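Student: Encoded as structure tokens, here's the structure I'll be asking about.
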Amino acid sequence: MSECCKKKHRSESEYRSLINRLSRIEGQVRGVKNMLETDAYCTDILTQIQAITAALNAFNKELLSNHIHTCVAENIKQGNDEIVDELVVTLQKLMK
């Protein structure tokens, strides 16, 4: 990843919200693993996988919104318009 050295300080509420979402997703993934280990029916597993996908999409939406409202807005205010190009590349990756 070429952006390895960039960092962002997150507020406590933003950090907690994102961590809580990831913890729930982690639990859902463990649940699917358990379903597979206990020979759960295929469509039941697929349903849970769809729930995980939706949860990851919600995580992405929250993180992207936070990014636009903080990182992107601050960079634009400081005259760094290259951030818009970075955002476009990021959105293109998310839409694959």
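Student: Hey, what's the Kirkwood Rh for segment 13-94 if you take every pair of different alpha carbons, in angstrom? Working shown, then result.
Tutor: Numbers: mean 1/r = 0.0672 Å⁻¹.
Its Kirkwood hydrodynamic radius stands at 14.9 Å.
Student: Of A55, T90, Y41, which is farthest on the positive side of the dipole of segment 13-94, counting Cα position, with +1 on Lys and Arg Cβ, -1 on Asp and Glu Cβ, and the Cα centre as origin?
Tutor: Positive-end residue among those listed: Y41.
Only the coordinates and a few stated rules stand behind these numbers; no lab work does. Predicted, not measured: the structure shown is a model, and the values here were computed from it. Neighbour counts are summed over all protein chains in view; Cβ atoms, including those assigned to glycine, are modelled from backbone coordinates with ideal geometry.
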